[in-house]
Amino acid sequence: MKSESPLVPVLPPQDHSGEPSGWRFATSIGPWGPLLAEYYEVAREALPNEREFWASLVQPTSTVVEIGAGSGFISKALAEASPRLLTLVEPEREHLKLLRRAMRTWKTHSQIDIVEAFFENTKISKHNLIVFPFDSLPMITSRKQRAQLYAAIAERLVPGGKFVVHFSSPSWNENYVRETGRQSVSTYTIRSGHELRVRRLSKPISKAEFIKFISVECPEKQARENYVALTAIVQEDEVILDAASAGFKLESRFGDFKKNVFSPSEEVIFVFKKM
Ligand SMILES: C[S@@+](CC[C@H](N)C(=O)[O-])C[C@H]1O[C@@H](n2cnc3c(N)ncnc32)[C@H](O)[C@@H]1O
């Protein structure tokens, strides 16, 4: 392994019109390998009050879906609030391995169902709360496909059910692209004790999307995995409009997980009600 070789992101075909390219990478190009999943698990840190916020949405009678459970960072908080049913939807096998291991330590009375699939392809019953946490929405890169996702969410909710989504604001994304426009390097120690060297780079593609490139190397294992994903810069107004077309009414919006009023801040949290 040549750890000093430069990052060479594989870019999808470029469209120079400045409009979104409409590519849809639900997660990344290729599946997540074990290094990427373990890196995500150690690097994931809670935003202030994040877990408490999600847990506060849950009642003992709730039936809850988490879209994109990953290795269970938010799922644990949902499970420990003990809803009647918790359905965790996640397509990536390496995340699911970590999720199944983590679940053994959760203190919960809930029935927990794991569904290994993209949410849009699931045939699940109607629930009364669907959550889409931690800036996962931008993984769906075209506005049209995000609108289709809202329709799929509405179909899987009872009338009056809630859909709660978090994503990073356009200004947060603009800063991220600025900071990672030049390669940045950091190191992490994973659960096995191995050191990971993580390099990040991003490339703007259009006004509405950028390529996020993350290279994770484990020198001791002579291994490297790359994550390349097209990431949308999601506009708040567009989400409200498209969710309304899918039958949702915006009930509240917050600028952070402490429920401070919505402002042009870093976080965007929308609570929708199915009409
Ligand atoms: C940013 S991670 C968030 C993981 C976890 N919820 C957390 O808070 O740390 C996004 C997750 O969503 C999953 N994902 C992406 N597109 C999805 C889809 N269409 N349906 C279900 N899960 C999806 C990814 O595989 C990934 O595990």
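A short reminder: the numbers here are calculations on the coordinates, not readings from a lab. Not measured: the values here are computed from a predicted model. Note: ideal-geometry Cβ built from the backbone for every residue, glycine included; neighbour counts use all protein chains shown.
Helical content alone sets the calculated 222 nm signal of the chain at -7000 deg cm²/dmol, taking -39,500 (n - 2.57) per DSSP H segment of four or more residues and averaging over every residue.
Only beta bridges with both residues in the chain are counted; by DSSP, about 70 percent of them are antiparallel. When the trypsin sites (Lys or Arg not before Pro) in the range 223-266 are filtered for DSSP coil states and for at most 16 other beta-carbon atoms within 10 Å of their beta-carbon, the remaining sites are LYS258, LYS259.
One compactness figure for the range 173-231 is 1.26, namely its Cα radius of gyration divided by 2.2 N^0.38 Å. A full extension of the chain between ASP237 and HIS194 corresponds to an added length of 11.1 nm, given 0.36 nm per residue minus the alpha carbon distance.
Take the Cα of ASN260, go 7 Å toward its beta carbon, and the backbone nitrogen atoms of the range 46-63 under 19 Å from that spot belong to 46-54.
Working from the pairwise distances between different alpha carbons, so that the mean of 1/r is found and then inverted, what is the chain's Kirkwood radius in Å? Result for the chain, one decimal place: 19.4 Å. With 22 Å as the limit on Cα-Cα distance, the pairs of LYS97/LYS203; LYS144/LYS249; LYS162/LYS259 that go past it are LYS97/LYS203. Each Cα pair under 8 Å and six or more residues apart adds its sequence gap; the mean of these over the residue count of the chain is a relative contact order of 22 percent.
For the range 96-166 and the range 227-275, what is the separation of their C-alpha centers, rounded to whole Å? If you average the Cα positions of each part, the centres end up 16 Å apart. Simple rule: put +1 on each Lys or Arg Cβ and -1 on each Asp or Glu Cβ in the chain, find the dipole, and look at VAL158, MET275, LEU47; the Cα lying farthest toward the positive end is VAL158. For the peptides 124-137, 232-245, the ranking by mean Cβ contacts within 10 Å, running from highest to lowest, is 124-137, 232-245.
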